[in-house]
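Nothing in this text is a laboratory measurement; each read-out follows from the coordinates by a stated rule. What you see is a predicted model; the values in this text were computed from it and never measured. Cβ atoms come from the backbone with ideal geometry, glycine included; neighbour counts cover every protein chain shown.
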Amino acid sequence: MIEEATVDAYGEDEQRTGLFTMLEEHLDVPFTTVVLGVEVTVRGVVHSSSAAPS
């Protein structure tokens with residue numbers, strides 16, 4: 001999935017956008033999972049370039 005999402009990307013910004021676009025199209029939300037021993041419900045994924053590591 002990652003290779004398909006980033007195959008035509010030029011640079012990290014386009015790769016990140018491609019990956020999040022793929023997640024939006026294929027991720028079935030909401031779903032429940034466990035994070036650090038705590039059950040959580042994932043309702044969506046937010047893509048924010050300001051949250052990206054520099």
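The table that follows gives values for the structure above.
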item	result
Degrees between helix 12-26 axis and first principal axis of the chain (Cα, 0 to 90, nearest 10)	50 degrees
For His26, His47, order by how many other beta-carbon atoms lie within 10 Å, fewest first	His26, His47
Relative contact order %, the chain, counting alpha carbon pairs below 8 Å whose residues are six or more apart	24 percent
P(r) tail fraction, the chain - alpha-carbon pairs more than 13 Å apart, %	65 percent
